[in-house]
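*Asks:* The structure's right below; bear with me while I get my questions together.
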Amino acid sequence: MKTSRILLLVICLSGLFSKCFSQDIQVTKNALYFELFGNAGLYSFNYERNFHPNIYCRIGFESFETSDLFSRTATGRITALPVMASFLTGHGKHHLEFGGGLLLGNQKEFSVSHRIIDFTSFLGYRYQSLVTKGLLFRIGITPFVSLNGTNYPDKYLLSFGLSLGYHF
């Protein structure tokens, strides 16, 4: 009788302490990716950081020359930075991602220059394991709303984006 109580106590205590010696799973915190179209307009190179489970913040960069449609001569330059926060649903590799932020930049055409200040958002699909390093893929819609009223004829633009990169 006494041995069965001791055995029962040992089994219960071993269950309590088994998690103390288990390995912690490291969550990937950083990502680098290229986005075609998307939140910066034409393209962007992006760095993203995970600050809380399923919450990501990113900053990107794009800069390109604009040209006349017919003569293809350079007419100006657009430089922009998308700054955004996103939320991912789920815990596997397939996620619904939604987020928003600002697109800040400058557009210079000939001798005229104006600031780009847009609200932009993302709603789409994201393929990424949250715990192992590897491929990051995103596709979704990326609407823009001009906050200074100078970038789009109707003050808004509906676009899409496609991203490919690596998270670590």
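*Asks:* Could you count how many residues in the range 80-135 are under 30 Å from residue 68 (Cβ atoms) and under 11 Å from the mean Cα position of the chain (by Cα)?
*Replies:* Filtering the range 80-135 down to residues under 30 Å from residue 68 (Cβ atoms) leaves 80-82, 102-120.
Those still in the list that are under 11 Å from the mean Cα position of the chain (by Cα) too: 82.
Number satisfying all stated conditions: 1.
*Asks:* When only residues in the range 134-155 that are in contact with an Asp or Glu (Cβ under 9 Å, 6 or more places away or on another chain) and not in a loop (DSSP other than H, G, I, E, B) count, which is nearest to residue 93 (Cα to Cα)?
*Replies:* My answer is 136.
*Asks:* Here is a further query. So which of 75, 79 ends up being in a strand (DSSP E or B) and at pLDDT below 90?
*Replies:* Details: 79 fails: at pLDDT below 90.
Of 75, 79, the one residue that is in a strand (DSSP E or B) and at pLDDT below 90 is 75.
*Asks:* Next question. Take the residues of the range 98-133 that are of a type in the set (A, V, I, L, M) and in a strand (DSSP E or B): which is surrounded by the fewest Cβ atoms within 10 Å (Cβ to Cβ)?
*Replies:* Just the residues of the range 98-133 that are of a type in the set (A, V, I, L, M), to begin with: 102-104, 112, 116-117, 123, 130-131.
Pick out the ones that are also in a strand (DSSP E or B) and you get 102-104, 112, 116-117, 123.
Working: 102: 16, 103: 26, 104: 15, 112: 8, 116: 22, 117: 15, 123: 14.
Per the criteria, the residue is 112.
*Asks:* Here is a follow-up. Looking at residue 42, is it farther than 20 Å from residue 133 by Cα, out of contact with any helix residue (DSSP H, G or I) (no Cβ under 6 Å at 6 or more places or on another chain) and at pLDDT 95 or above?
*Replies:* Working: farther than 20 Å from residue 133 by Cα: yes; out of contact with any helix residue (DSSP H, G or I) (no Cβ under 6 Å at 6 or more places or on another chain): yes; at pLDDT 95 or above: no.
Spelling it out, it is not the case that residue 42 is farther than 20 Å from residue 133 by Cα, out of contact with any helix residue (DSSP H, G or I) (no Cβ under 6 Å at 6 or more places or on another chain) and at pLDDT 95 or above.
*Asks:* So, one more: When the range 90-107 is examined, which residues are found to be closer than 24 Å to residue 34 by Cβ and not small (Gly, Ala, Ser)?
*Replies:* Across the range 90-107, the qualifying residues are 93, 94, 95, 96, 97, 98, 102, 103, 104, 106, 107.
The values are calculated or read from the model by the stated rules, or taken from the named source; none is laboratory data. Keep in mind the model is a prediction, meaning the values are calculated, not measured. FYI the Cβ positions are ideal-geometry reconstructions off the backbone, even for glycines, and counts take in every protein chain you see.
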